[in-house]
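Undergrad: Before we start, here is the structure in question, set down as structure tokens.
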Amino acid sequence: MIYMYDNANNLTDSCKFEENNYFYKYGILSLQHLATLQEDIDKLKRAKKLSENENFQRSMQRRNFEKPSEFQEAKYLIILARSRKLGIINFHYNGKKYEIKVPPDFHDDGVTEEDVEKAIHKHIIKKSGYKIVETEKIHLKLAAVRSGLAKYGRNNICYVDGMGSFLTLSAYFTDYDFQNETISELKMMDRCEKCNICLNKCPTKAISKENFVIDAGKCITQYNEYKGEFPKWIDKKFHNAIEGCLHCQYHCPANKEVIKDIVRLEDITEEETKVLLDDLENPELLNSLIKKIKMFTLEDADEELPIIKRNLEVLIK
């Protein structure tokens, strides 16, 4: 049996492995439990606890807990967490150096989808003849918590032992039979019960004690990942990362150790920064910039560059 719980319904070390210097941990869910997870979401909707924010609602509408029509023989869902590092990148501009944070899940660490799939077959399934199909349609945080892989923080972000909240989640349907019907309860980390640090550090008050689900309409991440002007109620000094937001995670005691493990990306030169901020025409420098910040490809530049430019402007101008 390659999947085990201890008496407290926590994942054991048998669900942990390393591959190419990356630390992985996984949980599984029988597809018999998909209806339960969908009901978890539906309860929140009925109670009107989910934000009406347009970007958030679009994201919710793309997600469900349904077996893929093209893979009806699927029996289980594998939820995988891969440890990530906080990125730091220096932008040089007008004779000054600006140290900018890049949240762990926003920069490319070189691990490909093929790498991850090979790791799943090697370390989790361990037998030939079985299929895995990645899905981006499910609610990953909820599936991770329900599988026993993770627990929620008060900030509604999920945490995995040994990784904190600095991780990437992915999910795969598989026809491998794990012969395990366990499902974990929805639970916040015990350490959050008497801790209000994330609540106090959130500058927009998106986190509250009254509602376990954060108010996504007040979360900075819901605005700086998309094109458009920032709402006037978001003070410029609230911004703290090139994309996303780190206020609640950076100060969280559960991230005390993982926050020390950073990766320094290549410095962005004065000329490269000016290409971005001052709209200078220089394809060679633009390509160099994209390769260094490792957040998107040249093919995605038309969509992503305006977002990065806007975000960087409030951080260094």
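Undergrad: Restricting attention to segment 238-267, which trypsin sites (Lys or Arg not before Pro) occupy a DSSP loop and are surrounded by at most 11 other Cβ atoms within 10 Å?
TA: Here the trypsin sites (Lys or Arg not before Pro) that fit, given the DSSP loop and packing criteria, are 256.
Undergrad: May I pose another question? Using a Gaussian network for the chain with springs between C-alpha atoms less than 10 Å apart, which of these wobbles most: 98, 152, 26?
TA: 98
Undergrad: Mind jotting down the distance between the C-alpha centroids of segment 258-277 and segment 79-128, whole Å?
TA: 15 Å
Undergrad: Right, next: May I ask you to sort 314, 258, 116, 160 by Cβ crowding, counting other Cβ atoms within 10 Å and putting the fewest first?
TA: 314, 116, 258, 160
Undergrad: Output the pairs from 67/194; 43/67; 151/205; 45/256; 227/292 with a Cα-Cα distance over 28 Å in this structure; if there are none, say none.
TA: Violating the 28 Å limit, Cα to Cα: 67/194; 45/256.
Undergrad: I would also like to ask the following. Could you compute the FRET efficiency for residue 45 and residue 21, with r as their C-beta to C-beta distance and R0 at 30 Å, rounded to 0.05?
TA: Result of the calculation: an efficiency of 0.15.
Undergrad: Per 0.36 nm of contour for each residue apart, how much would the distance between residue 196 and residue 287 grow if the chain were fully extended, relative to their Cα-Cα spacing?
TA: Result: 28.5 nm gained on full extension.
Undergrad: May I ask you to list the residues of segment 30-51 whose amide nitrogen lies under 15 Å from a point 7 Å from Cα along the Cα→beta-carbon direction of residue 210?
TA: 48-51
Undergrad: How much length, in nm to one decimal, is gained on full extension between residue 71 and residue 300, taken as 0.36 nm per residue of separation minus their Cα-Cα distance?
TA: Extra length available between residue 71 and residue 300 comes to 79.4 nm.
Undergrad: State which stretch of the chain is the longest one without any exposed GluC sites (Glu not before Pro), exposure meaning a DSSP loop state and at most 12 other Cβ atoms within 10 Å.
TA: With a cap of 12 other Cβ atoms within 10 Å, the longest stretch comes to 74-135.
Undergrad: Let me ask something else. Return the distance in nm (one decimal) between the two label points of a simple spin-label model at residue 113 and residue 226, each offset 7 Å from Cα along Cα→Cβ.
TA: Taking the two extended label points, one gets 2.4 nm.
Undergrad: Between segment 48-68 and segment 198-245, what is the C-alpha centre distance in whole Å?
TA: Here the answer is 18 Å between Cα centres.
Undergrad: Starting with the fewest neighbours, write out 250, 223 ranked by other beta-carbon atoms found within 10 Å of each beta-carbon.
TA: Least to most surrounded, the residues fall as 250, 223.
Undergrad: Connecting C-alpha atoms closer than 10 Å in a GNM of the chain, tell me which of 287, 94, 55 has the biggest fluctuation.
TA: Top of the fluctuation ranking is 94.
Undergrad: Let me ask something additional. So if I restrict to the alpha-carbon atoms in the chain, what is the Rg, and what is Dmax, the biggest pairwise distance, in Å?
TA: That works out to 20.5, 62 Å for Rg and Dmax.
Undergrad: Right, here's the next one. Among the listed pairs 48/85; 237/260; 49/201; 118/294; 209/232, give every one whose C-alpha distance is greater than 28 Å.
TA: Check vs 28 Å cut-off fails for 48/85.
Undergrad: Cut-off is 10 Å between beta-carbons; in what order do 232, 237 appear when sorted fewest neighbours first?
TA: The most exposed by this proxy come first: 232, 237.
Undergrad: Straight-line reach from residue 97: which aspartates and glutamates have a Cα under 19 Å away, not including same-chain ones fewer than 8 places off?
TA: Within reach: 243, 266, 267, 270, 271, 272, 278, 313.
Read-outs throughout are calculated quantities, based only on the coordinates presented, and are distinct from any laboratory measurement. Keep in mind that this is a model prediction, so the values were computed, not measured. All Cβ positions, glycine included, derive from the backbone under ideal geometry; neighbour counts span all protein chains shown.
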